[in-house]
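To start, the structure itself, in structure tokens.
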Amino acid sequence: GLGARPPQHAANMATCATPSCIPLSCGTWRFFVTENEEPFEILLVALRWVAFWAVVWLTCIPIASRFVIPHMPPSSKARENQPAYVGQKLATTVKVLVCCIPANYALLVDLWHADVAIQYGRYELSAAFGIVFTTFEAVDMVMCAWFGFLDAEYFFHHSVHIAFGFIMRPNCAFAMTAAVLLAQETSGIFLQYFLLMRNRQPDHPTIAISF
């Protein structure tokens, strides 16, 4: 269900015929709208983003091949020279930026409303971008397996993230926790650079800094 809402959300609900007309509440952003928060509705929203991320992921491959790989030294690991591997790092960086910016904004705003935030969180941000994050992890795991560089560590890492997403999204009471977890994606900007360059220029000072 939608979980408990702050007083302002309750007031909005009193004048709304359906949950989707509540401005910026759980599941009601454009492309995230659900009428009753039923599992099937959430699944349909997620499938939209699965399709979106699949297009982004595959589009990043020719971009990496044309604009990135020619300007980088080769890696000592053969698989890291594949356009799909480099493209995955580009796609993941897009995901990191899309998720961490609103999550950090939500946390900063909540610092000024801590009494409400701890109990309710930022519904509109954590619900929406929680789906964005979870669907990317699912697409990324499938694509990495398809292109042959999904190892056990990567599989476990993504499986945990996907499990958290499925647990938190149907119940907005986890909104604050979700925002904190999404904000941790900020470190992914440096992680992607580290993973991309560690076997290309291992002695370069930026590698140690990014780690």
| query | For Leu150 and Ile63 in one chain, what is 0.36 nm times their gap in residues minus the Cα-Cα distance, to one decimal in nm? | reply | 29.2 nm
| Simple spin-label model, 7 Å along Cα-to-Cβ: Gln201 to Ser159 in nm? | 3.7
| said: From the phi angles alone, apply the Karplus equation (6.51, -1.76, 1.60; θ = phi - 60°) to the range 72-89 and give each ³J(HN,Hα) in whole Hz, x where the residue is Gly or Pro. | reply: 10, x, x, 8, 6, 9, 4, 5, 6, 8, 5, x, 5, 5, 5, x, 4, 5
| request: Determine by what factor the alpha-carbon radius of gyration of the range 63-103 differs from 2.2 N^0.38 Å, reporting the quotient. | output: 1.34
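Read-outs throughout are calculated quantities, based only on the coordinates presented, and are distinct from any laboratory measurement. For clarity, every value in this text was computed on a predicted model and none was experimentally measured. All Cβ positions, even for glycine, are placed from backbone atoms using ideal geometry, and neighbour counts span all protein chains on display.
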